[in-house]
1. For Ser251, indicate whether it is surrounded by fewer than 20 Cβ atoms within 10 Å (Cβ to Cβ) and either among the hydroxyl-bearing types (Ser, Thr, Tyr) or at pLDDT below 85 (or both).
2. Quick check on segment 151-174: of everything there that is in a strand (DSSP E or B) and among the polar types (S, T, N, Q), which residue is nearest to Asn204 (Cα to Cα)?
3. Got a number for residues in segment 247-271 being part of a loop (DSSP other than H, G, I, E, B) and under 16 Å from Thr157 (Cβ atoms)?
4. Can you pull out every residue in segment 89-109 that is among the small types (Gly, Ala, Ser) and either open to solvent by 20 Å² or more (accessible area, probe 1.4 Å) or within 23 Å of Thr163 (Cα to Cα) (or both)?
5. Output the residues belonging to segment 97-114 that are polar (S, T, N, Q) and in contact with a Gly (Cβ under 6 Å, 6 or more places away or on another chain).
6. In segment 26-50, how many residues are under 20 Å from Ile102 (Cβ atoms) and either β-branched (Val, Ile, Thr) or open to solvent by 50 Å² or more (accessible area, probe 1.4 Å) (or both)?
Amino acid sequence: YVSTTGDDIAGDGSEGNPWRSITRGMLAAASGDRILVAAGTYDSFHGESFPIVVKDGVAVQGSLTGISTVDGENVFVPLMVVTDNAQPTVLQRLRFDGEVNILEVFGNPADFQVLDCVFLGGRKALNHSSAGGPAVLTFDRNVIMGMDEDGVNWEATDTGGSTHTLRLRDNRLLGKALSLHGVRVAASGEVNVALDLSRNHVENYGICFAAEVDASTSSAGVTGEVAGNEFRKADDEGMLVELTASGVAPSVATFSAVVRHNSVTKNGKDGARLALSAFCTHHPDWLWA
């Protein structure tokens, strides 16, 4: 248990004698534990040390009756970091207010879940740009507001043909002037992204949803489904798919996800509802389908 009325020195983490900071709770936590965060504001002034590295298999859950805020004002590092976690690792019912990337994912966690959270301010709500093996992200029922760049950015890179499973469902992403992407998914090298992007509301970004596939002497692709989303008021494209095949050896870049029942409205004057582009650097005159 963690509470703003707790004590990181005299506390013991029990409900009756909680710690004061999430940082202290994480220090004691082990796989399978839950850190229950009472309503209140948790910042560096009150004992938080950022970034908080979320341990493998630990759940951090905010209050059911109030607002548990992780406040990173004037903190120019990520607020929380997740790495190659093998066990289910959960962030739930937390409110984040940051300056740069709020959640930074290094490595490829086997089961990372972000549920019912609110992200305010910062550069990117969630950012992943690591290379390696398979990963699974579940990002459900969250609210993202006012990011300078991207709501969710996930870059899957591998040379071994792994699969990244991304589930982003029932989220609300509201950008602002000069925001870049609501959701950006990139696959490069030899990797597949199995995507479930469903029932999200994405508004006021340069591009609401972007899929970028870059295969270099290999096969990379995005599969799955983009369904039931509402993409509104994009400065450029509502949805953008870019495929690039490079290198002398055979390269295959694919986007074979099912796109259906999406609403794309009020996007920029010159932007398309769905824009597709493909380029082969070795044979730029090749046709594509």
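1. Criteria not met by Ser251.
2. Asn153
3. 2
4. Gly107
5. Answer for segment 97-114, where residues must be polar (S, T, N, Q) and in contact with a Gly (Cβ under 6 Å, 6 or more places away or on another chain): just Asn108.
6. Total meeting the criteria: 7.
The values are calculated or read from the model by the stated rules, or taken from the named source; none is laboratory data. From a predicted model like this one, the values you see are computed outputs, not experimental measurements. Methodologically, a virtual Cβ is constructed for each residue, glycine included, from the backbone with ideal geometry; neighbour enumeration extends over all protein chains shown. To get the accessible areas, we keep the full protein, side chains included, count just its heavy atoms, and leave off ligands, DNA and RNA. Shrake-Rupley method; radii C 1.70, N 1.55, O 1.52, S 1.80 Å.
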